[in-house]
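Q: There's a structure below that I have some questions on.
The values are calculated or read from the model by the stated rules, or taken from the named source; none is laboratory data. Please read all numbers here as calculations on a predicted model, not as lab measurements. Here the Cβ positions follow ideal geometry from the backbone for every residue, glycine too, while neighbour counts run over all protein chains shown.
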Amino acid sequence: MPPALPMLETVEALLSSRFGAPIRVLRAQRFPHYPQVTRCALEAAGAAVPDLPDTVVVRVLRDGPARSGVARLHNERAALEFLESIGSSLAPRFIAGDGERIFVSEDLGTHPSLLDLLLGSDAAAARRGLLAFARGLGLLHAQTAGRAAVYHQRRARLDPADDAPEGFTEPGRVEAAWRRVRDVAAQLGLPPPRGAGADVEAVVHTLTEPGRHVALSSGDPGPANCKIAGDSVRFYDFEAACFHHALADAIVLRYPYPTGGPVWRVPPDITAAIERTYRQELAAAWPNALADAHYNPGMAAACAAWTIVRLERLPRVDAGPDRDHWTLLPAGWSAPIPTRSRRRQLVAIVETCIASARRAGTLQAFAAWCDDMVHALRARWPEASEETPLFPAFDRGSPAPD
């Protein structure tokens, strides 16, 4: 269903003002799964406008309590304008907006997302996509390192804003989650986290005192929020844009499945390759990214923080139901609709955290408690012991995990 006519009239007025000529919207098409996002085809009503794009993407303010509010549109605008100002092409260009409800940006086209490639049938394309994603993420962090003040000044011009990051790096977030996790473990009769407190304090210190390891984050740098064209990537959805520890984003290279999605895995050799690619790009700003002694402890801390925050969900995951359908699928998907096991995903998150801590040789008390939790949760949830399948692109024998 196309957007309401009054909104289209506002879009036309904004674009006409932006390009200095009457602009008409010829067609409008909603994005699947994203009712607040529309692709609009344009034409100049009079003389040709040389720099008028054929299409634009229009976002309207979300309704409801989740991820809503004009501040999110302002976050995105500030991020896109900031990136363009430093010469980065890793995100769409901001084109126009009314400052209240409507946001118009460059259309990145119909290229596949990384998730589309991972759920596809071409292993080589999926591998190239993963490498492009990792390269782009490292480049984004290298390009924006040390420039937080510039972004915050631009963001403040739109409206007063809190400079603190959102999500699991928000100040106090991990500490509050850890208190709840300890309480929940006791309530459910799960292993108590004896001796892990000092490690959690170290995790918090790493994220809240990142030193020079701060870079721009979209707030949600997942495989669905990008477009892959050959060997390049462009990211979108900067509604939760913030500056925080770069490795808080980089853990997506170890947790490539979407939050809440089915648990798939990438072959180990490809996982190693994409992290090397990310580190090589990041090293332009932080040469110590190439040193395991610096990089691995940071990744372990970021993985631990994410694990603690996800473990807050224990009561809801334990209560069930465990499975439902995953419908964020590429066009032309012909296999059965995948179902997701929240229990299997939560255990997989904890297992990745353990592996990260052991690779770094840090957070050993926390990792030992996580290991106890994995054994206890597998005994409690039989589905959590199921083998984690490869992404369909790498395992065409199992295109849709059950």
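Q: Looking only at residues in the range 202-220 that are in a loop (DSSP other than H, G, I, E, B) and touching a residue at least 60 places away in the same chain (Cβ under 8 Å), which one is surrounded by the fewest Cβ atoms within 10 Å (Cβ to Cβ)?
A: 212
Q: Given 138, 120, which one is touching a residue at least 12 places away in the same chain (Cβ under 8 Å), buried (at least 19 other Cβ atoms within 10 Å of the Cβ) and not in a helix (DSSP H, G or I)?
A: 120
Q: Starting from the range 274-294, take each residue that is over 18 Å from residue 256 (Cβ atoms) and outside the structural domain of residue 137 (by TED's automatic domain parsing) and list its partners that are loosely packed, with under 13 Cβ neighbours inside 10 Å and at pLDDT below 95, counting only C-beta distances under 8 angstrom and pairs at least six apart or across chains.
A: So the pair list comes out empty.
Q: A further question follows. For residue 72, work out the one condition from (1) under 18 Å from the mean Cα position of the chain (by Cα); (2) surrounded by fewer than 18 Cβ atoms within 10 Å (Cβ to Cβ); (3) basic (Lys, Arg) it doesn't fulfil.
A: Result: residue 72 fails condition (2) only.
Q: Scan 367, 348 and give me the residue that is among the small types (Gly, Ala, Ser), within 28 Å of residue 122 (Cβ to Cβ) and buried (at least 19 other Cβ atoms within 10 Å of the Cβ).
A: The unique qualifying residue is 348.
Q: Can you tell me which residue among 104, 56, 37, 49 is farther than 28 Å from residue 162 by Cα, part of a strand (DSSP E or B) and either modelled with pLDDT of 90 or more or of a type outside the set (Gly, Ala, Ser) (or both)?
A: None of the other options fit; the residue is 56.
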